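Q: I have a structure I would like to understand better, so I am pasting it below and will then ask my questions one at a time.
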Amino acid sequence: MKQTLTLLFAIAILLTIVSLAHKTASAARYDVQVRGELSTEIASKAFQDACKILKTTTDYRCKPGLAPAAALSAELAEGNWGIYVGGGRVVYINEKLVGPHFDVYAYGVLVHEMVHYISYWSEFGTTNCEDEALAWSVFNSYVRNQNRVDLLMKNWIRGYPRCQTPSSTQ
């Protein structure tokens, strides 16, 4: 019995080390400095919230067991508040957004990044620009549902020059 408990403890430690190594390796590809982890509960709830909004706006049904981990990062390149590195199982949120509690904007950014994660693993077949439009649409739905229309990102496309067409910037 004691050997079994020791073995289970060793496996738990090994899984934790592998999990952190994977997060760091994924982050390294985009120069994301991991500062800590968000709770599984917060990551899971943001994933579920993204799935609920996607279900109503696209009729997409999220796959069970798809929820990723979420990690805090140092400041991200180009002033991004969050990032999902395609192929990874971690969504990163800038640590500056997270105080003692998530506010509506910070949580909305997490939900936005969950959409990128879901899109990648679900193979929506969208382009990068369509994926951004979908993620910002879900962000806007979330903040609207929280009665925070002051946080709507109506002009999100201005931050994505590669997605702009002459009519999209007006």
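Q: Just to be sure I understand the model, the point goes 7 Å from the Cα along the line to the Cβ. What's the resulting residue 130 to residue 40 distance in nm?
A: Modelled inter-label distance: 3.5 nm.
Q: Under 15 Å from the Cβ of residue 143, count the other residues' Cβ atoms, weight Lys and Arg +1, Asp and Glu -1, and hand me the total.
A: Working: positive: 52, 144, 148, 154; negative: 49, 103, 113, 150.
Residues close to residue 143 contribute a combined charge of 0.
Q: Mind ranking 113, 95 by accessible surface for me, highest first, 1.4 Å probe?
A: Descending order: 95, 113.
Q: Give me the number: length gained by fully extending residue 63 to residue 158, i.e. 0.36 nm times residue separation minus the C-alpha to C-alpha distance, one decimal in nm. Can you show the working numbers first?
A: Details: separation 95, 0.36 × 95 = 34.20 nm, distance 3.22 nm.
Stretched fully, the residue 63-residue 158 segment lengthens by 31.0 nm.
Q: Sorted by accessible area with a 1.4 angstrom probe, largest first, how do 98, 85 fall? Working shown, then result.
A: Numbers: 98 40, 85 0 Å².
Ranking 98, 85 by accessible area, largest first, yields 98, 85.
The values are calculated or read from the model by the stated rules, or taken from the named source; none is laboratory data. Being a predicted model, the structure only gives us computed values, none of them experimental. Cβ: placed from backbone, ideal geometry, glycine included. Neighbour counts: every protein chain shown. All accessible areas refer to the heavy atoms of the entire protein, side chains included, with ligands and DNA or RNA removed. Shrake-Rupley method; radii C 1.70, N 1.55, O 1.52, S 1.80 Å.
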